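Note sheet for the following structure.
The values are calculated or read from the model by the stated rules, or taken from the named source; none is laboratory data. For clarity, every value in this text was computed on a predicted model and none was experimentally measured. Cβ coordinates were reconstructed from backbone atoms using ideal geometry, including for glycine residues, and neighbour counts include every protein chain displayed. Accessible surface areas use protein heavy atoms only, side chains included; no ligands, DNA or RNA. Shrake-Rupley method; radii C 1.70, N 1.55, O 1.52, S 1.80 Å.
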Amino acid sequence: MKNWKKWIAAGLPFLMAFSLTACSQDEAGGGQGKGDVVTITWARGKDETQESKKLVEAFEKAHPNIKINIKDMPTDTGQYHDQMVTMLSASSSEIDVFNADVIWPAEFAKAGYLEPLDRYIDHDQIDLGKYIPGAVQAGKVDGQQYALPKYIDAGLLFYRKDLIPSPPKTWDDLIKLAKETKGKGGTQFGYLMQAKQYEGLVCNFIEFAGAYGGRILDDKGNVVINSPSTIKGLEKLIEITQSDFVPKNISTFTEVETHTSFTQGQAPLARNWPYMYNLVQDKSQSKVVDKVGVAPLPAGDHGSVAALGGWMMGINKFSKHKKEAWEFVKFMSGPEGQKISAIYGGKTPTYLPTFDDPEVQKAYPLFGDKNYVQGVSAAIPRPISPDYPKISDVIQIEVSKAVTGKETAEQAVKNMDTQLKQLLHQ
């Protein structure tokens, strides 16, 4: 695993241009001195594991002058988001640090809810080049870093090692293998994915479009979706969803239908998030234990691309304890915090050296698999925009029409281009 830099260097630019400003020790929060104990509040979704407890214990031991109060937020991401917006729009200082879905930073930064982190990063010389690039980029808005990555999710290819000796390298390879392998080893289908009209379809679309060089927005937020590359990617997605090697009701599939079918041995190939690996290895519910490998998603003309999922950490702009909040964010995103999250929470690290840690690999052997690291390292953020929820709605509707045969790829891309430009006033 010590060659992670070589694995990701060729196809993944490190997207790490920073606008850093020097600051004083007091401004940057560079360490705790003697004095009164400060309590800060950390908001995060309900944690069924030992991760949060272990993180707080380790942090408080290293920082005796800072205590962490945990505020449980709703498990439902939408409800969590809405509660945060309600608090922050009222300039509340109730929360100091909070976990944020990767699609939130742009919205929250534009609204003035997040403290910019560049000066803290600069002062403490945090090397963001050691992190998965797409995860860092998700917290960057208009050239400034507003959030740091806590853990990552990324689209991956799962394949049956007993039926397929080595995973397909390209989408055309996958189509060929899916056709050839369908029906073998008790399978019913050749490939599984998420094609229902919801956020999962957006992620699949981004992966196909990106694999052929297509993008939705450029770095300045301009709509650039209407291109031959995007159309080609969508055409490949349509080819698969309308093939005879996917379930006839593939347009109803979310992650749940995908993992249910795959763990029952119904397909040799499937696209899903990392969580599925634990399910396929669970003897109480899986018929394919020890038969499954993981790999980066197949490549198109432009390479392999995975949609980025996961969570970030940000500091409330209205916090009265920003120095202490930064110390906690730095700890959670740093070597010790990432190790604790990996071992006790099963969270995929974003700090790349964590994958090399023997204790991490012992706790989760998947994290020691170079194919897995390559797969998650290929992740790219969804469009970074404060209007992302509305952008997603447009994409969901038009791509759904395309994969169900109601529109051609060209028509769908043209419609998205028109609607997104209207939405973003371009």
Q. How much length is gained on full extension from A62 to D356, taking 0.36 nm per residue of separation minus their Cα-Cα distance?
A. 103.5 nm
Q) Share of segment 59-181's accessible area from carbon and sulfur, percent, 1.4 Å? A) 44
Q. What is the chain's relative contact order, in percent, from Cα pairs under 8 angstrom and six or more apart in sequence?
A. 26
Q | Alpha-carbon centroids, segment 334-366 and segment 151-190: separation in whole Å | A | 27
Q.
If you filter segment 175-261 for trypsin sites (Lys or Arg not before Pro), then keep DSSP loop positions with at most 12 other Cβ within 10 Å, what is left?
A. K220, K248
Q: Using the Karplus curve 6.51 cos²θ - 1.76 cosθ + 1.60 with θ = phi - 60°, work out ³J(HN,Hα) for each residue of segment 115-128 in order, rounded to whole Hz, and write x for Gly and Pro.
A: 6, x, 9, 4, 5, 5, 4, 5, 4, 8, 6, 6, 8, 6
Q) Can you list the residues, at least 5 places off or on another chain, whose amide H is less than 5 Å from the amide H of G310, using H built in the peptide plane? A) V102, D153
Q: Using the structure shown, select from K323/K390; K169/K347; K291/K339; K61/K323 the pairs with a Cα to Cα distance greater than 29 angstrom.
A: K323/K390
Q: Provide, as a two-decimal number, the C-alpha radius of gyration of segment 141-243 over 2.2 N^0.38 Å, N being how many residues it has.
A: 1.30
Q: With r as the distance between the Cβ atoms of Q411 and D142 and R0 = 56 Å, compute the FRET efficiency 1/(1 + (r/R0)^6) and round to 0.05.
A: 0.95
Q) What's the Kirkwood radius of the chain in Å, using all Cα pairs? A) 22.3
**Q.** Accessible surface of I225 - all protein chains present, 1.4 Å probe, nearest 10 Å²
**A.** 0
Q.
Suppose a student asked you for the relative contact order of segment 261-353, using Cα pairs under 8 Å spaced at least 6 residues apart; what percent would you report?
A. 13
Q) What ranking, highest mean first, results for peptides 309-321, 272-284, 335-347 when packing means the other Cβ atoms within 10 Å averaged over each residue? A) 309-321, 335-347, 272-284
Q) Once fully extended, how much extra length lies between K110 and Y198, figured as 0.36 nm per residue of separation less the alpha-carbon to alpha-carbon distance? A) 29.2 nm
Q | Long-range HN-HN contacts of I66 with modeled amide H, under 5 Å | A | V38
Q.
Let me test this: with uniform point scatterers at the alpha carbons of segment 80-220, what is the Debye-based log₁₀ I(q)/I(0) at q = 0.11, 0.14, 0.17, 0.20 1/Å?
A. -0.62, -0.86, -1.06, -1.28
Q: Calculate one ³J(HN,Hα) per residue across segment 174-186 by plugging θ = phi - 60° into the Karplus curve 6.51 cos²θ - 1.76 cosθ + 1.60, and present them in order as whole Hz with x for glycine and proline.
A: 4, 4, 5, 5, 4, 5, 6, 8, 3, x, 7, x, x
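Roughly how many Å² is the accessible area per residue of the chain, as a whole number, for a 1.4 Å probe?
I get 42 Å² per residue for the chain.
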Q | Dimensionless Rg ratio for segment 68-154, taking C-alpha atoms and the 2.2 N^0.38 Å reference | A | 1.12
Q: Enter the angle in degrees (range 0 to 90, nearest 10) between the Cα long axis of helix 228-241 and the first principal axis of the Cα atoms of the chain, meaning the one along which they spread out most.
A: 60
Q: Between T39 and E336, take the C-beta separation as r, use R0 = 22 Å, and let me know the FRET efficiency to the nearest 0.05.
A: 0.55
